[in-house]
Each structure stands twice: as C-alpha cells, then as structure tokens.
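Asker: Encoded as structure tokens, here's the structure I'll be asking about.
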Amino acid sequence: MAKERPKLNQATKLALEMGPLVVFFLTNTYGEELAEAYPALKALGGKIFIGTAAFMVAMAISLTLTWAWERRLAVMPLITGIMVFIFGGLTLYLQDETFIKMKPTIVNILFGTALFIGLFVFRNPLLKILFEGPFQLDDEGWTKLTFRWACFFFFLALANEIVWRNFSSDFWVNFKVWATMPMTIIFMLFQYPLLQRHSLEPLEGDDASGEA
C-alpha cells in the first residue's frame, strides 16, 4: 500500500497561493524595465500584458508544485488556475486587458453562486467538502460559515468591478494583490467566534475544556 504523502502546511499553501499574485504585481510594476532588458517581451504588449503572461506561468508552477507534493489539487485553487489560463490567454491573444480584470469578478461570482445553490437548493453546505482545515463543525456551523463565505465572494466580485472600472490598471493590480488578500484574512479572523461556538473539537489555542 502506497504511503500517504504529507499535506502542505498552511504557510506553504499561502505562499503558493500568494506567489503568482506577487509575481503579477512585480512584473506589472517593472514591466517596462523588463521589456528593455529582454526585448522579446515587447511582443506581449504593455506591462500589464507582461504581468499577465508571468501570472499564468507562476500559476502553472504553483499548481505543479502542489500536485508534485500532495498528488492532488484542491477544487478552489484548481478552478482559479483554470480561469487564470482562460482569461489570461484571452487577454494576451486579443490584447485586451479587460479579460484579466474581469477574471476575479467571474471567479468570485462562480464560487458564491455555487455555495448558495448548494446551501438553498441541495441543502448541502459545500464548504464542508471544499474546506480542509484543522477544525470540524456541526451542521449549523457549516451552514452559517457557508452563507457568510458566499456573501463575501459576492462582496469581492463587487469590489473588483468598482475598482477596475473606475481606477487605473496599476491601481487595480495593487488592489488585487495588496487589498484582496488582507480583506480575506480579516474576514477569516472574524469567523473565529463562529468556529469556536460550533467546533466539534477544541480549536488550536483553546484549552482542553474548550474555553478560549
């Protein structure tokens, strides 16, 4: 029987998820300098197109490393990666940055819609399947957490639409990298009381009696 591979720790997972975004930010910021140093990059177009190409490559590397370590890919990162390749490819092929800017909107709407459909149509909180964390919740907890995440995904979609339609490309890239992830982390921190109330086992940092 094959030995089960160890799972990536949370810090490594975060690095693999944030890595492509950081690459996108850096290559967009220094796209003109990169084009001067490597003239072949000029064929891609402006700096946001260079950033988009680098984003796609970095995403492919991130997914490959995750697969090589765990021999599996979680659903949400996989879907996000596929959408990056589709919308990034359209951006480069059509030389239209609108596609890469709309990608977060569409991805977040897809995730939010899927969670709402699972919750209200199939009566099944999908986060119980999709989220693999160090906690186990009762059914009420999963239902509440799923509803909150669905609402948050739609909030992110709305925020992305407002930013890319009203601000410069550089501002949008900065928002995508340096605002979206902090907002997500803050949102997750605000869910901790819910996790405490509905956890089936003590959370990390709680004592054996379950008191915070």
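Asker: Could you check region 170-193 and list, in sequence order, the residues that are farther than 14 Å from Trp149 by Cα and not in a helix (DSSP H, G or I)?
Answerer: Ala179
Asker: Now for a different question. From Thr64, Thr27, grab the single residue that is closer than 18 Å to Ser169 by Cβ and among the polar types (S, T, N, Q).
Answerer: Thr27
Each row is one residue, and each column tells you yes or no for (1) surrounded by 17 or more Cβ atoms within 10 Å (Cβ to Cβ); (2) hydrophobic (A, V, I, L, M, F, W, C); (3) at pLDDT below 90; (4) part of a loop (DSSP other than H, G, I, E, B).
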position	(1), (2), (3), (4)
Ser62	yes, no, no, no
Arg72	no, no, yes, yes
Lys101	yes, no, no, no
Ile129	no, yes, yes, no
Gly133	no, no, yes, yes
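Asker: Within region 174-186, which residues are touching a Leu at 6+ places or on another chain (Cβ under 9 Å) and open to solvent by less than 50 Å² (accessible area, probe 1.4 Å)?
Answerer: Those that are touching a Leu at 6+ places or on another chain (Cβ under 9 Å) and open to solvent by less than 50 Å² (accessible area, probe 1.4 Å): Lys176, Val177, Thr180, Met181, Thr184.
Asker: Between a residue in region 148-176 that is within 22 Å of Gly31 (Cα to Cα) and in contact (Cβ under 8 Å) with a residue 60 or more places away in the chain and any residue that is part of a helix (DSSP H, G or I) and open to solvent by 30 Å² or more (accessible area, probe 1.4 Å), which pairs come within a Cβ distance under 7 Å, given they are 6 or more apart or on different chains?
Answerer: Close Cβ pairs satisfying both conditions: Trp172/Trp164; Val173/Phe25.
Asker: If you don't mind, there's one more thing I want to ask. Can you run down the residue pairs with Cβ atoms below 6 Å, 6 or more apart or on separate chains, where the first is in region 27-49 and outside any loop (DSSP other than H, G, I, E, B) and the partner is open to solvent by less than 80 Å² (accessible area, probe 1.4 Å) and acidic (Asp, Glu)?
Answerer: Ile48/Glu97
Asker: Among the residues of region 109-124, count how many are of a type outside the set (A, V, I, L, M, F, W, C) and closer than 10 Å to Ala150 by Cβ.
Answerer: The total comes to 3.
The values are calculated or read from the model by the stated rules, or taken from the named source; none is laboratory data. In this text the structure is predicted, and so the values were computed from the model without any measurement. Methodologically, a virtual Cβ is constructed for each residue, glycine included, from the backbone with ideal geometry; neighbour enumeration extends over all protein chains shown. Heavy atoms of the whole protein, side chains included, go into the accessibility calculation; ligands, DNA and RNA do not. Shrake-Rupley method; radii C 1.70, N 1.55, O 1.52, S 1.80 Å.
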